[in-house]
């Protein structure tokens with residue numbers, strides 16, 4: 001484990017620093033906004049006790065909303081990326097900041113306040129010279145609590161493309177790489193401790209020094225933020241993908257193919273970006289430009305298709321391409337050779353014990369076996385929802401992250417899992433894939449999907465990505481997934497090696 005961690009720190013130091021910077025940027029921005037809202041609001045409401053109590057109730061309720069649910073609610077309103085992440089973190093940070101500021105101000109000795117008035121001090125001077133300095137220890141404490149909470153919750157920002165240390169945690173979970181997960185979690189904890197210590201030190205200063213320090217910090221933060229965001233005009237392309245190693249491999253192939261001929265382009269990769277509908281909505285909203293999608297999923301989930309999906313891969317692709325063009329004005333490029341279809345798998349011991357070889361055999365047992373399904377498979381019509389109607393399956397289905405479900409079946413925690421025909425874990429755990437004897441699953445060939453306007457504006461990108469058409473066999477993709485998930489190689493290195501070996505790029 002230590003050797004793996006040392007290797008990650010050595011080979012991925014650049015990515016770690018970038019993720020650390022993103023995490024710190026999101027966290028500090030959220031803290032500044034929350035403080036700018038919470039502190040003045042507490043000051044105003046000290047004269048309105050009932051309103052202050054109502055505000056405390058509102059901020060407390062916000063704390064009870066799961067962060068993932070809050071992110072999901074914000075995405076349709078403000079899109080994806082940094083904005084919904086910051087809004088979510090601000091809402092979580094409001095309670096400790098508002099509560100501590102209000103408590104600090106109302107806790108001042110009433111006799112002291114009467115003396116202030118007797119001396120004829122204006123409200124602003126009373127606040128700045130006496131009340132805020134006295135309340136400052138509690139205010140600083142509220143900021144510390146809020147920031148630690150923000151840094152911990154900010155790891156979820158990776159799920160909506162905002163980056164940060166959560167990216168390493170998420171990739172570690174998906175690739176079953178505990179070293180990567182530990183590095184991301186440890187750096188997040190260290191960041192929280194360091195920043196908390198800085199705020200604690202800030203609390204030891206006088207009120208005047210605190211205000212000056214905060215003013216300098218806000219100014220520097222604004223300057224650095226402006227410098228990092230200022231760039232010369234440049235073609236920027238954003239490529240995203242679903243959870244797992246395979247989408248990340250494909251995304252990196254897309255990037256390398258584009259940069260082969262257009263080295264001046266800026267191509268941003270957003271791996272582990274979410275489920276099917278999340279990605280498709282992001283594409284429609286122009287938050288991303290390209291993502292890899294499979295033909296069967298297009299017809300079963302994304303478009304309105306009046307006919308049953310054809311089992312012929314070519315006809316399936318043509319219908320998917322036509323439907324995307326007509327219904328969403330999107331371009332679907334020619335697919336790769338391999339098919340990455342859904343399947344159901346059981347252990348060899350389970351298959352032998354119950355004598356099951358097909359999905360019909362499993363359904364005929366009519367027992368509520370425990371199943372571990374990934375979120376996409378569980379919810380989609382081309383997944384469990386359609387499968388249970390076709391086969392009259394009676395399973396006790398539980399939603400799990402893709403990598404976790406394989407570990408669960410290997411440990412005997414579940415009896416059945418969904419998977420893909422190119423998954424490396426099938427061979428790794430010696431699982432038995434059940435035959436789809438009623439031919440429910442449609443053909444699944446992957447290809448880049450993009451808006452028609454983007455394709456028209458960037459014919460060079462279309463030309464570059466079309467080099468993958470008809471490429472990659474199932475065995476090749478299985479091997480690449482194995483290299484990432486089991487050998488813990490970087491997806492970008494595995495993708496690059498394949499393209500070079502197949503002479504799709506020069507070096």
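If you fit an axis through the alpha-carbon atoms of helix 132-153 and take the longest principal axis of the Cα set of the chain, what angle between them do you get, 0 to 90°, nearest 10?
Approximately 0 degrees, to the nearest 10.
Take residue 355 and residue 284, extend 7 Å from each Cα along the Cα→Cβ direction, and tell me the distance between the two endpoints in nm.
Placing both labels 7 Å beyond Cα along the Cβ direction yields 4.9 nm.
So what is the calculated 222 nm ellipticity per residue for the chain, using -39500 (n - 2.57) for each DSSP H run with n of 4 or more, over all residues, to the nearest 500 deg cm²/dmol?
Theoretical 222 nm ellipticity from helices: -19000 deg cm²/dmol.
Within 10 Å, count the other beta carbons around each residue, average over each peptide in 185-195, 395-405, and list them highest first.
Listed from highest to lowest mean packing, they are 395-405, 185-195.
Run the numbers for residue 410 and residue 129: contour at 0.36 nm per residue of separation, minus the present Cα-Cα distance, in nm.
So the extension gain works out to 94.6 nm.
Just the number, please: percent antiparallel of the DSSP beta bridges in the chain, rounded to the nearest 5.
55
What's the center-to-center distance, using Cα atoms, between the range 2-62 and the range 124-173 in Å?
For the range 2-62 versus the range 124-173, the Cα centre distance is 3 Å.
Give the peptides 259-269, 90-100 in descending order of average Cβ contacts within 10 Å, highest first.
Ranking the peptides 259-269, 90-100 by packing returns 90-100, 259-269.
If one computes the Cα centroid of the range 343-366 and of the range 372-431, what distance in Å separates the two points?
13
Spin-label point model (7 Å from Cα, Cβ direction): what's the residue 63 to residue 261 distance in nm?
Result: 5.7 nm between the two label points.
As an exercise, use a Förster radius of 45 Å and the Cβ-Cβ distance of residue 36 and residue 390 to find the FRET efficiency, rounded to the nearest 0.05.
0.25
Between residue 428 and residue 315, what length comes free when the chain is fully extended (0.36 nm per residue of separation minus the Cα-Cα distance, one decimal in nm)?
Roughly 37.3 nm would be gained on extension.
For the chain, what's the relative contact order in percent, using C-alpha pairs closer than 8 Å and at least 6 residues apart?
Averaging sequence separation for qualifying contacts and normalising by length gives 15 percent for the chain.
How do the peptides 438-451, 16-29, 240-253, 55-68 rank, highest first, by the average count of neighbouring beta carbon atoms within 10 Å per residue?
The densest-packed peptide leads the list: 240-253, 438-451, 16-29, 55-68.
How much length, in nm to one decimal, is gained on full extension between residue 487 and residue 83, taken as 0.36 nm per residue of separation minus their Cα-Cα distance?
141.9 nm is the gain from fully extending residue 487 to residue 83.
Pop a pseudo-label 7 angstrom from the Cα along the beta-carbon direction at both residue 329 and residue 504 and give the gap in nm to one decimal.
My value for the distance between the label points is 3.0 nm.
Read-outs: derived from the displayed coordinates by stated rules, not from any lab. Computed from a predicted model, the values in this text were never measured in an experiment. Because the Cβ atoms are built from the backbone with ideal geometry, glycine has one as well, and the counts that use them run over all protein chains shown.
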